[in-house]
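Engineer: Below are the structure tokens for one structure; questions will follow.
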Amino acid sequence: MYTRREIGPQELEAQDVYCEKIKQAIASRPHYAMVDTYGCQQNESDSEILRGWLAQCGYLPTDDPARADVIAVNTCAVREHAELRVLGNVGSLAHARERNPELIVCVGGCMAQQERMKNRLRDSFRMVDLVFGPHEVWQFPELLWQVIERHGRRGNKSRVIAAAPSDGVVAEGLPRRWDSEVKAWLSIMNGCDNFCTYCIVPYVRGRERSRRPADILAEARELAAAGYKDITLLGQNVNSYGKGLGEDKMDFPDLLRAISDIPGDFRLRFMTSHPKDATEKLFRAMAESEKCAHQLHLPVQCGSDRILKAMNRHYDRAAYLEKVAMAREYMPDLVLTTDIIVGFPGETEADFRETLDIVEQVRYDAMFTFIYSPRAGTPAAEMDDPVPRAEKQVWFDQLLAVANRISEEKHAAYVGRTFRVLVDGETGAEPYNLSSRTAGGRLVHLRGDPSLIGRFADAKITSSTTWALYGELV
Ligand code: SAH
Ligand code: SF4
Ligand code: F3S
């Protein structure tokens, strides 16, 4: 049963005590920790908290598994492919463990939260010392301490298999090590109540719950004051932000405006936006908020009404197209991206043609396309799925070709124009050594001095490909 559970200050203080214990236990020499992340931005955000905890426990960060004393793998369950990659990589840590018997291997995240995977990690991956779920990130020090305390008594009893079936956790004030000094994730809510029939996320991330506006605004102010130039608000469906908050309630468009009003030179983005809950109020807020990027990720998933219904998406293609038209009316320069699933159970060639058709109508700037992957425990996994994988692959390749052609055409239209970009890193390649992003999130490669990283600049686009733009600083 779902009950909102706000972690209180006493519970957090207890975690600080575990951090101290760990710090003392590893004080004899420098210890290193590595966090390996799979999946979506929500997981990247959780990994920043794990890094924050590990730093507070006295570990130094490393990206080198051979050097690490703790390896935490933050996993994803959204498609089978993601899970297989994780299992392969976790399996290969057996060698690292042989080299360093002291190594502590932790597996967390959405994959670990599923009962069947948790059991598999416990029974078939003996090198894993700790299994924990996304609801337990706030108590990571306590779990890690249990492992350390029992260390040296390996075998069945010394392992900690958590990932308890819990729900509703909202934790504020956790430590965090931001991955970047330029761009930041800001998680505004967790979980999902939509239960799209193909999707595992509601089962592993639990029911939707929003952080309080005051906590979010305080964090946004902190990021702006620290000089962050790009803030992305995160939630599985940001459009239903605020549900269940009671007196504190604020809806997403108002939250967007409030964050945009915070002083500072930054861009504001968000993801993901469920089409059923995207409203005119949202588009107006985007258009009128000075800092809000005119970029919208609006996953359509499919162009066929019959399949949309079977997916439990609560909109049809006409309603979706109407929203796209409205959003573009408010923001003629809107950069629009989407997710599409090919080969949902029962999808026919005719349904697939409808997907191609909606893609041609909307002309997305970029698309993330996936072949349907059955997830145990979801309704779609029980549906008849007669189309062979090879045929789905043919559809997928066709869709990708269309998506690439449209992206290429859209990118070509940037050439000759000048855009304000945020320089966000080095490409590691010459002659275009810097990477940057337009307000709409398009990637622009530039030539310039690395001291520009973290700054806005004007770039004239000189050439383009399907995936990127190339430009000169002006
Ligand atoms: N909450 C977000 C997306 C979360 S998952 C939203 O609603 O848009 C990211 C994407 O993965 C989804 O949009 C969907 O396109 C894809 N996806 C989810 N489950 C999948 C599955 N079982 N098989 C293939 N793709 C899937
Ligand atoms: Fe999954 Fe649908 Fe929720 Fe997105 S809205 S996380 S696709 S159930
Ligand atoms: Fe994967 Fe969990 Fe995100 S399943 S996509 S990491 S919410």
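The values are calculated or read from the model by the stated rules, or taken from the named source; none is laboratory data. Predicted, not measured: the structure shown is a model, and the values here were computed from it. A quick note on method: Cβ atoms are made from the backbone with ideal geometry, for glycine too, and the neighbour counts reach across all protein chains shown.
Engineer: Looking at the stretch 196-207 only, could you name the residues that are part of a loop (DSSP other than H, G, I, E, B) and in contact with a Phe, Trp or Tyr (Cβ under 9 Å, 6 or more places away or on another chain)? Give the derivation first.
Structural biologist: Going through the stretch 196-207, the residues part of a loop (DSSP other than H, G, I, E, B) turn out to be 196-200, 206-207.
Of everything in the stretch 196-207, those that are part of a loop (DSSP other than H, G, I, E, B) and in contact with a Phe, Trp or Tyr (Cβ under 9 Å, 6 or more places away or on another chain) turn out to be THR197, TYR198, GLY206, ARG207.
Engineer: Taking the stretch 254-294 as the region of interest, how many residues are basic (Lys, Arg) and farther than 18 Å from ILE188 by Cβ? Write out each step before concluding.
Structural biologist: Step one: of the stretch 254-294, the residues basic (Lys, Arg) are 257, 267, 269, 276, 281, 284, 291.
Narrowing further to those that are farther than 18 Å from ILE188 by Cβ: 276, 284.
Matching residues across the stretch 254-294 total 2.
Engineer: I'm trying to understand the selection: among the residues of the stretch 321-339, which are assigned to a strand (DSSP E or B) and either in contact with a Pro (Cβ under 8 Å, 6 or more places away or on another chain) or surrounded by fewer than 20 Cβ atoms within 10 Å (Cβ to Cβ) (or both)? Quick ask: steps written out before the conclusion?
Structural biologist: At the first step, the residues of the stretch 321-339 found to be assigned to a strand (DSSP E or B) are 335-339.
The answer is VAL335, THR337, THR338, ASP339.
Engineer: Need at least 2 residues that are within 16 Å of ligand 2 (Cβ to nearest atom) and within 22 Å of LEU54 (Cα to Cα) per element, so show me which helices (runs of 4 or more DSSP H) inside the stretch 76-149 make the cut, counting only ones lying wholly within it.
Structural biologist: Values: elements: 80-99, 110-113, 115-124, 140-149.
Those helices (runs of 4 or more DSSP H) span 110-113.
Engineer: Any residue in the stretch 284-311 that is free of Cβ contacts under 8 Å to residues at least 24 places away in the same chain sitting within a Cβ distance under 9 Å of a residue that is among the hydroxyl-bearing types (Ser, Thr, Tyr) and part of a loop (DSSP other than H, G, I, E, B)? List the pairs, counting only those 6 or more apart or interchain.
Structural biologist: Pairs that qualify, where the first residue is free of Cβ contacts under 8 Å to residues at least 24 places away in the same chain and the partner is among the hydroxyl-bearing types (Ser, Thr, Tyr) and part of a loop (DSSP other than H, G, I, E, B), are LEU308/TYR315.
Engineer: Which ones in the stretch 218-239 are of a type outside the set (Lys, Arg), farther than 12 Å from SER45 by Cβ and part of a loop (DSSP other than H, G, I, E, B)?
Structural biologist: ALA226, GLY227, TYR228, GLN236, ASN237
Engineer: Next question. Output the number of residues of the stretch 121-157 satisfying the condition of being at pLDDT 95 or above and out of contact with any helix residue (DSSP H, G or I) (no Cβ under 8 Å at 6 or more places or on another chain).
Structural biologist: The number of residues fulfilling the criteria is 0.
Engineer: Scanning for something within 16 Å of ligand 2 (Cβ to nearest atom), in a loop (DSSP other than H, G, I, E, B) and over 25 Å from ASP215 (Cβ atoms), does the stretch 280-294 turn up at least one residue?
Structural biologist: Within the stretch 280-294, not a single residue is within 16 Å of ligand 2 (Cβ to nearest atom), in a loop (DSSP other than H, G, I, E, B) and over 25 Å from ASP215 (Cβ atoms).
Yes/no per residue for (1) in a loop (DSSP other than H, G, I, E, B); (2) within 19 Å of THR232 (Cα to Cα):
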residue	(1), (2)
ILE259	no, yes
GLY303	yes, no
ILE307	no, no
ALA319	no, no
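Engineer: Taking the options ARG205, ARG209, name whichever one is within 12 Å of ligand 3 (Cβ to nearest atom) and in contact (Cβ under 8 Å) with a residue 12 or more places away in the chain.
Structural biologist: Values: ARG209 fails: within 12 Å of ligand 3 (Cβ to nearest atom).
From the options ARG205, ARG209, the qualifying one is ARG205.
Engineer: From the list ILE259, ILE188, ILE216, exactly one residue is among the hydrophobic types (A, V, I, L, M, F, W, C), closer than 22 Å to GLU280 by Cα, buried (at least 21 other Cβ atoms within 10 Å of the Cβ) and away from ligand 2 (no atom under 16 Å from the Cβ). Which is it?
Structural biologist: Details: ILE188 fails: away from ligand 2 (no atom under 16 Å from the Cβ); ILE216 fails: closer than 22 Å to GLU280 by Cα.
Answer to the check: ILE259.
Engineer: So, ALA72, is that one assigned to a strand (DSSP E or B), among the small types (Gly, Ala, Ser) and touching a helix residue (DSSP H, G or I) at 6+ places or on another chain (Cβ under 9 Å) or not? Working first, answer last.
Structural biologist: Details: assigned to a strand (DSSP E or B): yes; among the small types (Gly, Ala, Ser): yes; touching a helix residue (DSSP H, G or I) at 6+ places or on another chain (Cβ under 9 Å): yes.
Spelling it out, ALA72 is indeed assigned to a strand (DSSP E or B), among the small types (Gly, Ala, Ser) and touching a helix residue (DSSP H, G or I) at 6+ places or on another chain (Cβ under 9 Å).
Engineer: Would you be able to say whether some residue in the stretch 51-74 is modelled with pLDDT of 95 or more, within 16 Å of ligand 2 (Cβ to nearest atom) and crowded, with 21+ Cβ neighbours inside 10 Å?
Structural biologist: No: zero hits.
Engineer: To continue, here is another question. If a residue counts only when it is in contact with a helix residue (DSSP H, G or I) (Cβ under 6 Å, 6 or more places away or on another chain), which strands (runs of 3 or more DSSP E) contained entirely in the stretch 365-456 have at least 1 such residues?
Structural biologist: So the answer is 366-371, 418-426.
Engineer: Select from the stretch 340-364 the residues that are of a type in the set (Val, Ile, Thr) and not in a strand (DSSP E or B) and write down the one among them that is farthest from ARG306 (Cα to Cα).
Structural biologist: Going through the stretch 340-364, the residues of a type in the set (Val, Ile, Thr) turn out to be 340-342, 348, 355, 358-359, 362.
Add one more test, that the residue is not in a strand (DSSP E or B), and what stays is 348, 355, 358-359, 362.
Values: THR348: 10, THR355: 12, ILE358: 14, VAL359: 17, VAL362: 19 Å.
The selected residue is VAL362.
For every residue, the table says whether it meets (1) over 25 Å from PRO175 (Cα atoms); (2) within 16 Å of ligand 3 (Cβ to nearest atom); (3) in contact with a helix residue (DSSP H, G or I) (Cβ under 8 Å, 6 or more places away or on another chain); (4) not charged (D, E, K, R).
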| residue | (1), (2), (3), (4) |
| --- | --- |
| VAL238 | no, yes, yes, yes |
| GLU247 | yes, no, no, no |
| ALA285 | yes, no, yes, yes |
| ALA319 | yes, no, yes, yes |
| ALA327 | yes, no, yes, yes |
